[in-house]
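Student: One structure, as structure tokens, below. Some questions next.
The values are calculated or read from the model by the stated rules, or taken from the named source; none is laboratory data. This structure is a prediction, so every number in the text was calculated from the model and none was measured. Cβ atoms come from the backbone with ideal geometry, glycine included; neighbour counts cover every protein chain shown. Remember, those area values only see protein heavy atoms, side chains included, never the ligands or the DNA or RNA. Shrake-Rupley method; radii C 1.70, N 1.55, O 1.52, S 1.80 Å.
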There are 2 protein chains.
Amino acid sequence: MVGGELLRVLEARRFPVARLLPYSSGASRKSVSFRHRRLAAPGVDHSALAACDLVFFVSADEVSERLAPGLAARGVWVIDDSSAFRLDKRVPLVIPEVNASALSPSRRLIAGPNCTMTGLGVAGLPLHRRWGVTEIRVASYQAVSGAGKAALEEFFAQNRALSGLLALKSEQAPVFNAPRNSALPAPIACNVFPQVGGFDAAGYSSEENKVAAELRKVWAAPGIKISVTAVRVPVVRGHSLAAWLRFERPVSVAQARRLLSKAHGLELSPEGRYPTPLSAAGRGPVYAGRVRAGVDSRELCLWIVSDNLLKGAALNSVQIAEELLRRGWLRA
Amino acid sequence: MVGGELLRVLEARRFPVARLLPYSSGASRKSVSFRHRRLAAPGVDHSALAACDLVFFVSADEVSERLAPGLAARGVWVIDDSSAFRLDKRVPLVIPEVNASALSPSRRLIAGPNCTMTGLGVAGLPLHRRWGVTEIRVASYQAVSGAGKAALEEFFAQNRALSGLLALKSEQAPVFNAPRNSALPAPIACNVFPQVGGFDAAGYSSEENKVAAELRKVWAAPGIKISVTAVRVPVVRGHSLAAWLRFERPVSVAQARRLLSKAHGLELSPEGRYPTPLSAAGRGPVYAGRVRAGVDSRELCLWIVSDNLLKGAALNSVQIAEELLRRGWLRA
């Protein structure tokens, strides 16, 4: 799913692709469309990959684990959207607006972060730099597309089935239990559920742990305490976050708004307005709104939305590649 | 909408109604069904109301403001589901499992709380009693039925319109902007938005302020710091909450689970499982799950779901009336 977006982003941003070689790791996509041409996407050809200047991985962790380190060792730039190497100390985990400085000509394997964390990483940074974040609490509202194509098709099917059944009376409530689910852990049409990934012994889901660990790495702030509740909602694309950021010092809401309005890659809504997944879908920036004090003057509360398939994945990967071009480490 | 639920709850719990007199404050509902009989619901008749033993208000604030105090002054028990008197110091705001002790034979006007707060009020109380809550942060996932019938019909219409249009590609994203909205402040099908009510100068919505103020009153804990982000989600019924409760002392997750599993009116999911709006719809209890430590050992994080039309409104009102019967202040 991210692969299709990646091709559209490369086209739209006129990335200097001399030749595109699409490969398919699974059974699903056998051809892709790029610059108005249909290209076959056969199974992976190791030697052809090794001859590339740059390889994007937009597949499962196992595929990246098997292929990415070998390619990087042979000098190929590899930008990996899987979670396989994100916490590897030898691998830069990069959001260009946040930590392009982590890039290095000698570290050719580069990871892009979890799609839920990206919005928080971009929107929280200017506040962290100004006042020093000590604690973060985040509740997410995550789109079904983040769970993959099968989950999305399950959502569409449940929605079609429900649209004829939607009822309100309590004695009819059991009809809501009708939709079957297999790609997702619970029905998603007309529902929300607090599970993205499996749970660890402490009760946190893998998604919640990824957001915490990856944010600490991208901000180079290992001491920040973070607690996340990751929730799937019946939205097609666009992850939203309700975030509480606690600081070392008292903060100013007005100054926070000024910092956010100037931040790179971020669009701040005017007061009284806010972004939504629908308003952010298909767009590149991270969006923020509803900036206000939290439980006291050392805390800010904000609402963050970004397109999980774009800034959360494909666009971020292309922005990393553009940064490599800009530095002359990769040549057009 | 709550009115229809109220009648079903009175039937299902065999509340000793000798005679039911339904009145309609608006233009919408002109008759109701009760115990298999159709009853006309004409405009309000003051003298007939004053002759009742008990009057439930499930209408707008203005209707309660106009009628409820006069009835209570004449000795009629009044249970008001509007927000008109909830913060009035002379009016008990009651969740029977939490603060039935606030009821008094001399205070005949009784308010039921905001539907978003109820789940937190019930689920958080045993933890507050044990360790002393100092701070609360809550992100809500609120069903459309909480916004009334017109909002729900808008949601259904948008959902029908979208089910033929659902698309994933970013260049097709603008189709999601198609659904029109008038009852709600933004499109709700395949969307979420962080606005329930209007915003105050500090940036908080009226719903967020209600949850904070009413929880402090129901718990008789005016010093608790509370920050809420209230978000509407495309769910028909069932409000969910991601809550962080901070305590005076270090807490134990295992002990918290034991306290919650014994709490009155609460059902705790087994570890690794959780309630959802679909699983809670049409049911009376408050449901909780995913109990775990928050940012440190002085904080607990939990997921709470309750049916906003039942425990959040109609059922709570009937439970208050049952408590009056139990005490002999109201006679069958």
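Student: Listed residues B:Val32, B:Val63, B:Val9, B:Val58; which is surrounded by 15 or more Cβ atoms within 10 Å (Cβ to Cβ), more than 22 Å from the chain's Cα centre (by Cα), under 27 Å from B:Glu153 (Cβ atoms) and among the β-branched types (Val, Ile, Thr)? Spell out the reasoning first.
Tutor: Working: B:Val63 fails: more than 22 Å from the chain's Cα centre (by Cα); B:Val9 fails: more than 22 Å from the chain's Cα centre (by Cα); B:Val58 fails: more than 22 Å from the chain's Cα centre (by Cα).
Of B:Val32, B:Val63, B:Val9, B:Val58, the one residue that is surrounded by 15 or more Cβ atoms within 10 Å (Cβ to Cβ), more than 22 Å from the chain's Cα centre (by Cα), under 27 Å from B:Glu153 (Cβ atoms) and among the β-branched types (Val, Ile, Thr) is B:Val32.
Student: To continue, here is another question. Only one of these conditions is not met by A:Ala48: (1) loosely packed, with under 14 Cβ neighbours inside 10 Å; (2) free of Cβ contacts under 8 Å to residues at least 24 places away in the same chain. Which number is it?
Tutor: (2) is the only condition that A:Ala48 fails.
Student: Report, by residue number, each residue of the range A:293-332 that is within 24 Å of A:Val76 (Cα to Cα) and of a type in the set (Gly, Ala, Ser).
Tutor: Of everything in the range A:293-332, those that are within 24 Å of A:Val76 (Cα to Cα) and of a type in the set (Gly, Ala, Ser) turn out to be A:Gly312, A:Ala313, A:Ala314, A:Ser317, A:Ala321, A:Gly328, A:Ala332.
Student: Looking for something hydrophobic (A, V, I, L, M, F, W, C), within 27 Å of A:Gly132 (Cβ to Cβ) and in contact with a Ser or Thr (Cβ under 9 Å, 6 or more places away or on another chain) - is there at least one such residue anywhere in the range A:270-289?
Tutor: yes
Student: Exactly one condition in (1) crowded, with 23+ Cβ neighbours inside 10 Å; (2) away from every other protein chain (no Cβ under 14 Å); (3) over 15 Å from the mean Cα position of the chain (by Cα); (4) not acidic (Asp, Glu) is false for B:Leu245; which is it?
Tutor: Unmet for B:Leu245, out of (1) crowded, with 23+ Cβ neighbours inside 10 Å; (2) away from every other protein chain (no Cβ under 14 Å); (3) over 15 Å from the mean Cα position of the chain (by Cα); (4) not acidic (Asp, Glu): (2).
Student: Would you be able to say whether some residue in the range A:103-113 is within 29 Å of A:Val291 (Cα to Cα), buried (at least 23 other Cβ atoms within 10 Å of the Cβ) and within 16 Å of the chain's Cα centre (by Cα)?
Tutor: Yes: the range A:103-113 contains one or more residues that are within 29 Å of A:Val291 (Cα to Cα), buried (at least 23 other Cβ atoms within 10 Å of the Cβ) and within 16 Å of the chain's Cα centre (by Cα).
Student: Return the residue satisfying two criteria in turn: it lies in the range A:199-223 and is assigned to a loop (DSSP other than H, G, I, E, B) and at the interface with chain B (Cβ under 9 Å from one of its Cβ atoms), and of such residues it is nearest to B:Tyr287 (Cα to Cα).
Tutor: A:Gly203
Student: When you look at A:Val228, is it facing chain B (nearest Cβ under 7 Å) and of a type outside the set (Ser, Thr, Tyr), yes or no?
Tutor: So A:Val228 does not fit the description; no.
Student: If A:Pro42 satisfies all but one of (1) away from chain B (no Cβ under 14 Å); (2) under 23 Å from the mean Cα position of the chain (by Cα), what's the number of the condition it fails?
Tutor: (2)
Student: Further question: Restricting to the range A:294-304, and then to whatever is within 8 Å of another protein chain (Cβ to nearest Cβ) and open to solvent by less than 10 Å² (accessible area, probe 1.4 Å), can you tell me which residue is nearest to the chain's Cα centre (by Cα)?
Tutor: So the first thing to find is which residues in the range A:294-304 are within 8 Å of another protein chain (Cβ to nearest Cβ), and the list is A:294-296, A:299, A:301, A:303.
Retained after the next criterion (residues that are open to solvent by less than 10 Å² (accessible area, probe 1.4 Å)): A:299, A:301, A:303.
Working: A:Glu299: 25, A:Cys301: 21, A:Trp303: 16 Å.
Filtering first and then ranking leaves A:Trp303.
Student: Consider B:Ala256 carefully, then state whether it is modelled with pLDDT of 95 or more and under 21 Å from the mean Cα position of the chain (by Cα).
Tutor: Here the answer is no, as B:Ala256 does not meet what is asked.
Student: Within the bounds of the range B:260-272, is there any residue that is under 26 Å from B:Met1 (Cβ atoms) and either within 9 Å of another protein chain (Cβ to nearest Cβ) or free of Cβ contacts under 8 Å to residues at least 24 places away in the same chain (or both)?
Tutor: Yes: one or more hits.
Student: Now, a different point. Picking from A:Val144, A:Val44, A:Val76, which residue would you name as being touching a helix residue (DSSP H, G or I) at 6+ places or on another chain (Cβ under 6 Å), of a type in the set (Val, Ile, Thr) and more than 30 Å from A:Arg298 (Cα to Cα)?
Tutor: Selected residue: A:Val144, the only one of A:Val144, A:Val44, A:Val76 that is touching a helix residue (DSSP H, G or I) at 6+ places or on another chain (Cβ under 6 Å), of a type in the set (Val, Ile, Thr) and more than 30 Å from A:Arg298 (Cα to Cα).
Student: Of all residues in the range A:273-282, count the ones that are assigned to a loop (DSSP other than H, G, I, E, B) and modelled with pLDDT of 95 or more.
Tutor: As a first pass, look at the range A:273-282 and keep what is assigned to a loop (DSSP other than H, G, I, E, B): A:273-276, A:281-282.
From the residues that got through so far, the ones that are modelled with pLDDT of 95 or more too are A:273-276.
Counting residues in the range A:273-282 that are assigned to a loop (DSSP other than H, G, I, E, B) and modelled with pLDDT of 95 or more gives 4.
Student: In the range B:177-195, what residues are among the hydrophobic types (A, V, I, L, M, F, W, C), farther than 22 Å from A:Ala288 by Cβ and at pLDDT 65 or above?
Tutor: Within the range B:177-195, B:Ala183, B:Ala189 meet the criteria.
Student: Same structure again: Working carefully through the options A:Pro234, A:Pro187, find the one that is touching a Leu at 6+ places or on another chain (Cβ under 6 Å) and either assigned to a loop (DSSP other than H, G, I, E, B) or not hydroxyl-bearing (Ser, Thr, Tyr) (or both).
Tutor: A:Pro187
Student: I'm told A:Leu87 meets every condition in (1) open to solvent by 30 Å² or more (accessible area, probe 1.4 Å); (2) over 19 Å from the mean Cα position of the chain (by Cα); (3) modelled with pLDDT of 95 or more except one. Can you identify the failing condition by its number?
Tutor: Unmet condition: (2).
Student: In the range B:147-168, how many residues are modelled with pLDDT of 85 or more, surrounded by fewer than 18 Cβ atoms within 10 Å (Cβ to Cβ) and either among the small types (Gly, Ala, Ser) or part of a loop (DSSP other than H, G, I, E, B) (or both)?
Tutor: 3
Condition check ((1) surrounded by fewer than 20 Cβ atoms within 10 Å (Cβ to Cβ); (2) in contact with a Cys (Cβ under 7 Å, 6 or more places away or on another chain); (3) β-branched (Val, Ile, Thr); (4) free of Cβ contacts under 8 Å to residues at least 24 places away in the same chain) across all residues:
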| site | (1), (2), (3), (4) |
| --- | --- |
| A:Ala280 | no, no, no, no |
| A:Asn308 | no, yes, no, no |
| A:Ala321 | no, no, no, no |
| A:Gly328 | yes, no, no, yes |
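Student: In the set A:Pro174, A:Pro126, A:Pro222, which member is open to solvent by 10 Å² or more (accessible area, probe 1.4 Å) and modelled with pLDDT under 95?
Tutor: A:Pro174
Student: For the range B:129-146, which positions are in contact with a Lys or Arg (Cβ under 6 Å, 6 or more places away or on another chain) and open to solvent by 20 Å² or more (accessible area, probe 1.4 Å)? Let's see the steps before the verdict.
Tutor: Step one: filter the range B:129-146 for residues in contact with a Lys or Arg (Cβ under 6 Å, 6 or more places away or on another chain), giving B:131, B:134-135, B:137, B:142-143, B:145.
Residues satisfying the conditions are B:Thr134, B:Glu135.
Student: Looking at B:Val291, B:Val228 in this structure, which one is open to solvent by 10 Å² or more (accessible area, probe 1.4 Å), of a type in the set (A, V, I, L, M, F, W, C) and part of a strand (DSSP E or B)?
Tutor: Selected residue: B:Val291, the only one of B:Val291, B:Val228 that is open to solvent by 10 Å² or more (accessible area, probe 1.4 Å), of a type in the set (A, V, I, L, M, F, W, C) and part of a strand (DSSP E or B).
Student: Same structure, new question: Kindly provide the set of residues from the range A:93-149 that are over 17 Å from A:Gly197 (Cα atoms) and of a type in the set (D, E, K, R), ordered by number.
Tutor: Within the range A:93-149, A:Glu97, A:Arg107, A:Arg108, A:Arg129, A:Arg130, A:Glu135, A:Arg137 qualify.
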